[in-house]
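Take a look at the structure below.
The values are calculated or read from the model by the stated rules, or taken from the named source; none is laboratory data. Small disclaimer: the values here were computed from a predicted structure and weren't measured. For neighbour counting, all protein chains shown are included, and Cβ atoms are generated from backbone atoms with ideal geometry for every residue, glycine included.
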Amino acid sequence: MKYHDLDSHLLAPKRFVTLAHLSQVEQADYPALQESTGISTPDLSKIIRDLEDRELVVVIKQRKDRYSHTVVRLSPEGQKQFGQLLRTLNETAGK
């Protein structure tokens with residue numbers, strides 16, 4: 001891949017840090033994502049919905065006691081695309 005193959009959509013800072021966090025953990029809930037990325041709940045919801053539409057993340061809604069609990073993880077396609085993005089960034093940077 002060359003720099004022109006970079007997906008500018010995934011390079012958007014908020015999407016990038018969300019994918020970066022998810023690439024380092026098995027799964028994360030919204031509070032963990034908010035804490036690690038500093039992204040507000042409304043923005044995070046939009047980002048997760050967008051990544052889910054692109055089939056890069058899997059969203060699992062669970063019941064925890066009387067409350068719903070949402071967990072997000074990278075899909076296999078998300079792992080693949082984020083890995084390719086990082087490799088291309090490193091190649092472009094000369095590493």
Filter result (within 28 Å of R87 (Cβ to Cβ) and surrounded by 13 or more Cβ atoms within 10 Å (Cβ to Cβ)) within segment 35-45
S36, T37, I39, D43, L44
Of the residues in segment 62-95, how many are within 17 Å of the chain's Cα centre (by Cα) and not hydroxyl-bearing (S, T, Y)?
17
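Enumerate the helices (runs of 4 or more DSSP H) found wholly within the chain, keeping only those where 1 or more residues are at pLDDT 90 or above and of a type in the set (K, R).
On the way: elements: 8-11, 13-24, 30-37, 41-53, 76-93.
Where helices (runs of 4 or more DSSP H) fall fully within the chain and carry at least 1 residues being at pLDDT 90 or above and of a type in the set (K, R), they are 13-24, 41-53, 76-93.
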Listed residues D65, D29; which is of a type in the set (D, E, K, R) and exposed (fewer than 13 other Cβ atoms within 10 Å of the Cβ)?
D65
